[in-house]
Structures are given as structure tokens and as C-alpha cells.
Amino acid sequence: MYKLFSSRHYSALQYLLRWTIVTIPVAVAVGSMVALFLWLLNWSIHYRFAHTWLLYLLPFAGIAIHFLYKLYGQSAEKGNNLIIDQIHEPGAGIPKRMAPLILATTVITHLFGGSAGREGTAVQIGGSIAHWIGSLFKLNAKDLRIVLTAGVAAGFGAVFGTPLAGTIFAMEVVTIGRIQYNALIPCLIAGLIGDATVAAWGVQHTTYHIRYLTTGQTIYGHHIAVNFWLLVKVIVSSVFFGLAAYAFAKAVHGIKTLANNFIKTGWMIPAVGGIIIILLTLLLGKPDYLSLGVEPEYPGAVTIVSAFEQGGAHFFSWLWKLIYTAITLGTGFKGGEVTPLFYIGATLGNTLANIFNAPESLFAALGFIAVFAGASNTPLACTIMGIELFGSQHALLFAVACFTAYFFSGDTGIYSAQRKGVEKYSVDGSDRLMNGLFKKN
């Protein structure tokens, strides 16, 4: 027995038991609050569908959100970046008010038509609850970083129904190019239980289907798992997915900077943003780019789901959603960035599929995960998400799309608190390589 089990094995068992005890209440609490959030979000969206005049109150909703954060928000205003900062270096902590405040203000944003998502809300719920429970257990700084990471995994896994992607995302998002493997077990437990808790509350997630089955091709008598020309189309399209991710991150940060520089009265910023959203909707004559964009407000509306069908998106649907979301988030409304990125990616994928004569549903799925991979700098998590959402049939193409988009998305991202662990590529190294290859003898 002694030879089979060393002291390290007993230490590993103790570690597993300890983190299971700490993580389960975190994940159950996060999953329950995310379930409440998803229910309220669904109600707010359908209520606006039935009362379209609510859009005209969006500027006033923005003003209300501004004063809620001014009076009660304090450091919670930093949102996801505060959580990432605290994982890097625990300091003043995460206020308990962050969770209810972001939940309420995100629901307000969607109730009145703001174009935003839900991932940011779920992650902030996860971080806030994890920090609170971690303080109850009197965890030290090292363990507090781990429990915060687990809270992120629980929130992400719960809100999308992707526990494995939530696990990897929480470890991958903190530092670009590095994964925090010391948090693997707590994140895995949190992701699985957070997702199971949402399911136990009866909340269902949207399902997506790829109607294209690849059979690969035979080259010189040998079968390979992917069609060569399809792979080329995927790589070229993924460059555009990466550029779209870059444009989105730049647009959100740029609008925020412009608004702060040119509008000196704080509450006027969301008011102006709300007015611009109203004017754009009147100009386009349709509400397709408001709110989440998952369910149609009217028959024939462009949504994430419709992008998986032939003719399910217009040529510039992705660009309009990018503009709407950048204005909404850049002027102070609350919510996540991820679902709009899904919309941008899926509709851009649909457009590129038509250009390249490729399968719409497959390219919508590739854009869905790849634009998010580029914007968040989490290509591995997004590859896993593709497998969880769409199945493993196209896993190779998911990986190619996500890592190519990540490579071409630049050095920016939607999370300014991310630190750079490893360069995406080394220009100096490439120059030396090229000089060596073409050096004259």
C-alpha cells in the first residue's frame, strides 16, 4: 500500500476534498443567480417585443444606470476587468453589491433595447459570489485567486450551458498565451455544477445545428478527415473573423474614450448613446440589432439562429450589430460582449459562406466561436465551446478558425485587464528567420 500511494497522492486527495467543499457552494449559488438572471433577461426581452415603445425610453434607462453606479457601484463599475485584476493581484476585493447591481442594470439595458450580451453579467455574478464565499472561508491571497477563477468558470459555464468551455475560459482569459492550470480542478467542479444548477432550475439554452457533414477526401489513395478546399476557405474566412474581433474591441474602447473626452457631463453619455441607438433603428426601419439578437422580434428578423440558414443574414448585418453594441457598451450601458460577438461572427460567417460558396450553417458556427476567440484572446476555450455547442464532427475546423482568428485579432481585446504572457508572434524572430533563409552565400 505504501508503495502504491505516496504522501503526494494523499496530499492530492486532500486538495481535491478541500476544493470540492469550497467550490460546491460557490457553483450552486452562482448557478442559481445566473438562472434567475436568465429568466429575468428572457422576460425583459419578450416584454419589449410586446411593447416596442420602450425603445424610446432607452436614454432615460441609461441615465438611471449611470446614477445607480455612481451612488452604489464604486469599484464595481470596472466590471469584468476588476475580477481579472483581483485574480492577478488580490487587493481591495470585489464588492458584494456587484452581483445584484450588474444583474439589475443588464436587465434594464435589454428591457429598453440596448444591444448587449449576458456573459459579462454572469462572470461578474460569479466573481462577486466567489469572493464573498472565499472571505467566509478566510482564504489566503493565493487561494482567493483560485476561487475567483472558479467563480468565473461557474458563471460562464452556467450562462451558456458549456461547462468545459467555462473551465478553460476562466483559466485562459486572465493572461494572454498562458493557462492557469493551478485552478483546473476547482474550475472544472465549478463549471460542471454551475451548469447543472441552471439545468435543475429548468432554464434551457438555445440550440444550434450544423447541417453540413464533411466526409473528407482521398489523396493518393489515403483518406484525410477534411476537404482541402474547404480548409482553405475556412482559413481565409477566419482572417476576416479575426479582423472583425479587432474592429469590435477597438470600436468599444474608442467610443468610450470619445464619449469621455467630448461629453463632460457623465449622465449625458448614456443619454446620447440611447438617442443614437433610437435614430439608427429608425433609419434602418427594423429592430434586428437591438438586445441579444437570439430570438426574432418578428418573422424574418436576422438573428443568430437565422444566420445558420441560407439567406438568414444580410451582407452588413455583422457590421450593424458591431456598431449597435459598440455604442451601447461604449456609452455606459451594461451587459456582456459575448452574445453580440456570437451574432457578429454568425452573420459574418453566413455572408462569407455566400461569397465562397461554402455551407452557411458551418461557417455561421465557425464565425460564432472564432470572433469571440479573437476578441477575448481565448482560442482554446472557444474551440471547446464549439464542440460543446455544435458537436465534435467539425472539431478540426473549429480549432483552425479559432486559432487563426486569435492570431489576426491584434494585441487588443475586450478585456483591458488581461496581461500578456506570451506574444502571439515574434516579428524580430521572423525577421531573423527570413534573413537566414535568404542569406547570400
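We did not get these values from a lab; they are worked out from the coordinates using the rules stated. Everything numeric here is computed off the predicted structure, so don't read it as measured data. No Cβ is skipped: glycine too gets one built from the backbone with ideal geometry, and neighbour counts run over all protein chains shown.
Here the relative contact order of segment 217-420, from alpha carbon pairs under 8 Å that lie six or more residues apart, stands at 27 percent.
Mind checking which helices in the chain clear 20 Å along their axis (Cα) and have mean Kyte-Doolittle hydropathy of 1.0 or more, DSSP H runs only? Let's see the in-between values first.
Working: long enough: 7-50 (63 Å, 0.85); 119-136 (26 Å, 0.56); 141-160 (29 Å, 1.28); 184-200 (24 Å, 1.89); 228-262 (50 Å, 1.22); 268-284 (24 Å, 2.72); 338-356 (26 Å, 1.11); 360-376 (24 Å, 1.64).
Correct list, ordered by number: 141-160, 184-200, 228-262, 268-284, 338-356, 360-376.
How would you rank 316-328, 369-381, highest first, on the average number of other Cβ atoms within 10 Å across their residues? Spell out each step's value before the answer.
Details: 316-328: 23.7, 369-381: 29.8.
By packing density, highest mean first, the sequence is 369-381, 316-328.
Distances between placed amide hydrogens fall under 5 Å for K420 paired with I176, all partners being 5 or more residues away or on another chain.
Each peptide in 181-191, 341-351 gets a packing score, the mean of other Cβ atoms within 10 Å over its residues, and the list from highest to lowest is 341-351, 181-191. From least to most packed, judged by other beta carbons within 10 angstrom and beginning with the fewest, L54, L71, L139 follow the order L71, L54, L139. When peptides 259-265, 155-161, 126-132 are ranked by their average number of other Cβ atoms within 10 Å per residue, the highest-first order is 155-161, 126-132, 259-265. As a proxy for reagent exposure, ranking H51, H110 by other Cβ atoms within 10 Å from fewest up yields H51, H110. Sorted ascending by nearby beta carbons within 10 Å, beginning with the fewest, S306, S135, S115 become S135, S306, S115. Along the charge dipole of segment 256-406, pointing to its positive end and built from +1/-1 on Cβ of Lys, Arg, Asp and Glu, which listed residue (M268, A364, I304) has its Cα farthest out? About the Cα centre, the residue reaching furthest to the positive side is M268.
Take the Cα of R419, step 7 Å toward its Cβ, do the same at Y47, and the gap between the two points is 4.2 nm. Note on segment 7-200: dipole from Cβ charges, positive end direction compared against I21, L188, L38; the farthest Cα belongs to I21.
Can you tell me the length gained on complete extension of the stretch A92 to F316, counting 0.36 nm per residue apart and subtracting the Cα distance? Intermediate results must be reported in sequence, preceding the final value.
Working: separation 224, 0.36 × 224 = 80.64 nm, distance 4.38 nm.
In short, 76.3 nm is gained.
When you restrict to C-alpha pairs under 8 Å that are six or more residues apart and normalise by the size of the chain, the relative contact order lands at 20 percent. Anisotropy class assigned to segment 7-200 is prolate, per the alpha carbon gyration tensor with a/c at or over the 1.5 cut-off and a/b larger than b/c.
Computing FRET efficiency as 1/(1 + (r/R0)^6) for I235 and Q393, where r is the C-beta to C-beta distance and R0 is 22 Å, gives about 0.75.
What is the ratio of the Cα radius of gyration of segment 217-420 to 2.2 N^0.38 Å, with N the residue count, to two decimals? Intermediate results must be reported in sequence, preceding the final value.
Details: Rg = 17.8 Å, N = 204, 2.2 N^0.38 = 16.6 Å.
Output field value: 1.07.
The helix-based estimate of mean residue ellipticity at 222 nm for the chain, built from -39,500 (n - 2.57) per DSSP H run of four or more residues and divided by its residue count, is -21500 deg cm²/dmol to the nearest 500.
Would you mind calculating the relative contact order of segment 314-406 from Cα pairs under 8 angstrom and at least 6 residues apart, reporting the percent as a whole number? Walk me through the intermediate numbers first.
On the way: 133 pairs, mean separation 21.6, N = 93.
Answer for segment 314-406 is 23 percent.
So what is the orientation-averaged projected area of segment 350-391, using the convex hull of its C-alpha atoms, in nm²? Projected over every direction and averaged, the Cα hull of segment 350-391 covers 2.9 nm². Applying 0.36 nm per residue to the separation of I24 and H209 and subtracting their alpha-carbon distance, the gain on full extension is 63.4 nm.
Site pair K142 and I263 shows an inter-label distance of 4.7 nm when each label is modelled 7 Å from Cα along Cα→Cβ. Taking label positions 7 Å along the Cα-Cβ direction at both L280 and N354, the computed distance is 2.0 nm, reported to one decimal.
How large is the charge dipole for segment 7-200, taken about the Cα centre, if only the Cβ atoms of Lys, Arg (+1) and Asp, Glu (-1) carry charge, to the nearest 20 debye? Present the calculation step by step, with values, prior to reporting the outcome.
Numbers: 12 positive and 7 negative charges, 56 e Å.
For segment 7-200, the charge dipole is close to 260 debye.
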